[in-house]
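J.: Quick one: the structure is below, questions incoming.
The values are calculated or read from the model by the stated rules, or taken from the named source; none is laboratory data. Since the structure is predicted, the reported quantities are computational estimates derived from the model, not experimental observations. Here the Cβ positions follow ideal geometry from the backbone for every residue, glycine too, while neighbour counts run over all protein chains shown.
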Amino acid sequence: MAQPLLLAGWDFQTTTWGGTGILTSPQTPAVFQANFGVGILYLNGEYGSSPWSSTQRTAYAGSSINTSGTSFSTLTTGLGSLGLLSGSGLNGNGKSLVFKIPIRNHQSLSVSYSAQRSSTGFSHHRWEFSYDLIQWNVADSVQSGTEPGTITSSFGNTGIIYIHHFGPFGIGDTAYLRLTLDSSSSSSGNNRLDNFQIRAWPTEISSDTLRILTNQTLNDLTVSGGTLLVDAGATLTINGTLTVSGGTITNNGTIAYGRRALWLRFQQPNGRGRVAQQQRAFECNHR
């Protein structure tokens with residue numbers, strides 16, 4: 001596993017697994033089931049979203065950006081992206097859409113997506129998160145521009161937009177991610193959004209391999225089976241508790257402990273064997 005798990009994804013085209021396909025206005029849905037994984041996207045006033053009118057929701061041609069390594073559709077002809085317009089009186093400014101995602105046994109959420117804007121379309125994206133729908137915390141924002149990672153006039157020039165600063169999510173099993181659009185200057189100004197990927201790291205490795213390729217910070221992590229592999233040159237920082245009750249840890253890089261780290265706990269029924277040897281190796285590395 002070279003990257004976080006895909007919890008939910010929207011390409012607005014794939015309906016094989018029950019996902020919602022895009023339609024043009026006035027038939028554009030206000031609720032979208034994820035095309036991949038499990039999640040729901042709301043534009044109907046529920047869960048902290050705004051009620052986007054039927055004239056503010058539409059469909060445009062799709063994007064192939066942010067599809068690599070997935071089964072997302074790469075078709076760029078026909079209907080394939082979600083279009084949002086400011087509408088009469090620029091009423092769309094300040095309106096939000098909300099992603100509802102189950103996050104049990106996961107942590108460190110991230111979002112990536114493809115976007116473009118018309119010359120008068122929304123030029124500001126603000127991302128927030130909540131687990132109780134009461135307190136919303138700002139994660140990050142994206143502005144219009146001409147450089148990759150800003151909202152430009154084409155999917156290709158924008159490239160992939162990444163948002164990483166979500167969480168922690170407290171004790172909830174569900175995460176709510178809110179995207180607010182703003183600063184459109186005409187009623188026909190629009191944004192086109194496509195290929196949303198919401199990913200997260202697991203809180204437990206029970207099988208397979210969790211491979212850390214680049215620097216990564218996690219909160220609590222349990223290794224009960226499988227393999228935790230830290231590549232050379234990579235640092236895995238644990239801010240909570242690392243619990244090892246089985247499996248294998250191969251540390252070719254660095255495992256560090258943040259300011260909020262509590263302890264490194266090893267569990268082995270007989271107190272000996274492979275896990276006990278790994279405990280000594282970690283302690284030497286930590287010092």
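J.: Among what's in segment 101-123 and is of a type in the set (Ser, Thr, Tyr) and crowded, with 23+ Cβ neighbours inside 10 Å, pick the residue that is nearest to GLU46 (Cα to Cα).
T.: Residue satisfying both the conditions and the ranking: TYR113.
J.: Among the residues of segment 38-58, is any of a type in the set (Gly, Ala, Ser), surrounded by 18 or more Cβ atoms within 10 Å (Cβ to Cβ) and under 15 Å from ASP194 (Cβ atoms)?
T.: no
J.: Follow-up question, since we're still on this one. Check every one of the strands (runs of 3 or more DSSP E) wholly within segment 119-236 and list those with 2 or more residues that are modelled with pLDDT of 90 or more and under 19 Å from the mean Cα position of the chain (by Cα).
T.: Hits in segment 119-236: 124-130, 137-143, 160-163, 174-182, 190-202.
J.: Here is a further query. Working carefully through the options LEU97, LEU84, find the one that is in the same structural domain as GLY37 (by TED's automatic domain parsing), over 15 Å from SER25 (Cβ atoms), in a strand (DSSP E or B) and touching a Ser or Thr at 6+ places or on another chain (Cβ under 9 Å).
T.: LEU97
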